[in-house]
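Below: the structure, in structure tokens.
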Amino acid sequence: WWMAPLILMGALATVGPFIYIFLQRKAEDRLLREQRRYQETLKQASVGMTRIRSIKKLLDLIAHIVTKTVKIAYAGIYLYNAQNDAYILQVSRDKGRIPIPKLSPHNPLITWMNVTHEPLVYEEVKRQMQDSRDVAYRRLEENMRMLTASVIIPSFLENRFMGFFVLGDKLSGQIYTPEDLNVFQVLASQAALAIENAQFYEEAKEMHEQIAQAEKMATIGTMADGLSHQINNRLYALSLIAGDTIDTIKLTDTSQCTPEVKEMIGQINHALERIQANVIQGGQVVRGILKYTRKGEEGLEPITLDQVLDGTLDMVQYKVKLSEIDVVRDYPKDTPKIKGNTVQLQEVFFNFIDNAYDAIVERRTFLKEEGYKGRITISAHPKNDILEITVEDNGMGIKEDNNE
């Protein structure tokens, strides 16, 4: 009876390794097929990206393809923003995670990739840190851990560092192979070109809209004389009607009227006076717009700083709430005249005051300081043959990041 188990054990000992090798190869083939499948999908996606013109749609598509195709826990895309001088997170795929919104160009990760142009793999960085005890690898490891990044893929357009992809762990638990990294680098290179194209398209679209808007404003400017004439005619008619009605009320004997009727007549008279006052203000607005839209004389003429500011404030009051701020003229009355173009100078000061008001509103909104009131100070100091004019405000000020 003992022979049967012995024979069975011998057979299993002989056949078992072959069965194990067979199953291992089947599993490897399956994994390789899956890997080749998503690598091919990423290659195909990289070819079609350049046809997408919306930067937001493009980045969303890249993040969606990477997370769904490769099946990873997290994906984020950072792009360089010249205005903020930082790499800003544009898209993130992981609802349960709070990503880091931006990274400085001086971050060790950015510096490393800018020099090497190569991907960073967390496990490799961690091993190098443990083996060499190098501070550089320790900083890289710390920053990759904060980003929960298994792999970071830089995206270059020629030698310009456009941004980078942050990839989390694969849901399958597999490691990123060299073939994976090569495919991701191809994707990142194609993405850089696609992003450049999309940004160029959006900038061109914005420029076209600005030109169209400028043409509309220029058209309104050429129509200003005719429009102002028509509007003034309507305002004049309203003023005459209101004035005649007020005169009629004054000449009417209301001594026999009841108190209720007298009160109603008084309210009507008050309303008519308000109409007349608004007609006067409307006429001032029309004159201000007409003055602002006229081309102005080609030559230069002597003009006082008060004249420039008076004309500027006449127009800026319809965009800026002057009652909320103090406009201080910190210069003597005998300040020398300026030789310049009145309209152009008013445009310059209009922009100064408008920008200063924005900074004041920003400080009031964010800091909410008790007793704070905005102040814009215009000062002037003669220096030889020129007049040095300074416009200061007590608003939010220039951010430190923009000082450079």
- prompt: For region 89-109, how many residues are more than 16 Å from Met144 (Cα to Cα) and either touching a Leu at 6+ places or on another chain (Cβ under 8 Å) or not assigned by TED's automatic domain parsing to the domain that holds Pro154 (or both)?
  reply: 2
query: If we scan region 166-189, do we find a residue that is of a type in the set (Phe, Trp, Tyr), assigned by TED's automatic domain parsing to the domain that holds Ala73 and at pLDDT 90 or above?
result: no
Of the criteria (1) at pLDDT 85 or above; (2) loosely packed, with under 15 Cβ neighbours inside 10 Å, which one Leu140 fails: (2)
- request: Check whether at least one residue in region 54-61 is farther than 30 Å from Arg138 by Cα, at pLDDT 85 or above, in the same structural domain as Glu141 (by TED's automatic domain parsing) and crowded, with 16+ Cβ neighbours inside 10 Å, and report yes or no.
  value: yes
statement: How many residues of region 87-123 are among the hydrophobic types (A, V, I, L, M, F, W, C), under 20 Å from Leu59 (Cβ atoms) and either surrounded by 17 or more Cβ atoms within 10 Å (Cβ to Cβ) or touching a strand residue (DSSP E or B) at 6+ places or on another chain (Cβ under 6 Å) (or both)? The answer is 7
- prompt: Which ones in region 198-216 are without any contact (Cβ under 8 Å) to a residue 12 or more places away in the chain and within 18 Å of Leu157 (Cβ to Cβ)?
  reply: Phe200, Glu203, Ala204
query: Quick check, is Tyr176 hydroxyl-bearing (Ser, Thr, Tyr), touching a residue at least 40 places away in the same chain (Cβ under 8 Å) and assigned to a helix (DSSP H, G or I)?
result: no
- prompt: Checking Gly48 against (1) over 24 Å from Lys170 (Cα atoms); (2) at pLDDT 80 or above; (3) assigned to a helix (DSSP H, G or I), which single condition isn't satisfied?
  reply: (2)
query: Can you find a residue in region 288-308 that is modelled with pLDDT of 90 or more, among the acidic types (Asp, Glu) and either outside any loop (DSSP other than H, G, I, E, B) or surrounded by fewer than 17 Cβ atoms within 10 Å (Cβ to Cβ) (or both)?
result: yes
task: Sort out which residues of region 249-262 are loosely packed, with under 11 Cβ neighbours inside 10 Å and either closer than 29 Å to Val285 by Cβ or of a type outside the set (A, V, I, L, M, F, W, C) (or both), and write them in order of number.
output: Lys250, Thr252, Asp253, Ser255, Gln256, Thr258, Pro259, Glu260
task: Determine if region 253-260 includes at least one residue that is part of a helix (DSSP H, G or I) and either modelled with pLDDT under 85 or among the β-branched types (Val, Ile, Thr) (or both).
output: no
query: Any chance region 236-244 includes a residue that's surrounded by 12 or more Cβ atoms within 10 Å (Cβ to Cβ) and of a type in the set (Asp, Glu)?
result: no
- request: Determine, yes or no, whether Gln213 is of a type in the set (S, T, N, Q) and either under 30 Å from Val286 (Cα atoms) or assigned to a strand (DSSP E or B) (or both).
  value: yes
field: Unmet requirement for Gln190, which otherwise passes all of (1) without any contact (Cβ under 8 Å) to a residue 60 or more places away in the chain; (2) assigned to a helix (DSSP H, G or I)
entry: (1)
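Residues are listed down the side, and each one gets a yes or a no for (1) over 29 Å from Gly282 (Cβ atoms); (2) assigned to a helix (DSSP H, G or I); (3) hydrophobic (A, V, I, L, M, F, W, C):
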{"site": "Asp310", "(1), (2), (3)": "no, yes, no"}
{"site": "Val327", "(1), (2), (3)": "no, no, yes"}
{"site": "Pro336", "(1), (2), (3)": "yes, no, no"}
{"site": "Lys339", "(1), (2), (3)": "yes, no, no"}
{"site": "Glu347", "(1), (2), (3)": "no, yes, no"}
query: Filter region 127-154 for residues that are charged (D, E, K, R) and touching a Phe, Trp or Tyr at 6+ places or on another chain (Cβ under 8 Å); which is farthest from Tyr78 (Cα to Cα)?
result: Glu141
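The values are calculated or read from the model by the stated rules, or taken from the named source; none is laboratory data. What you see is a predicted model; the values in this text were computed from it and never measured. For neighbour counting, all protein chains shown are included, and Cβ atoms are generated from backbone atoms with ideal geometry for every residue, glycine included.
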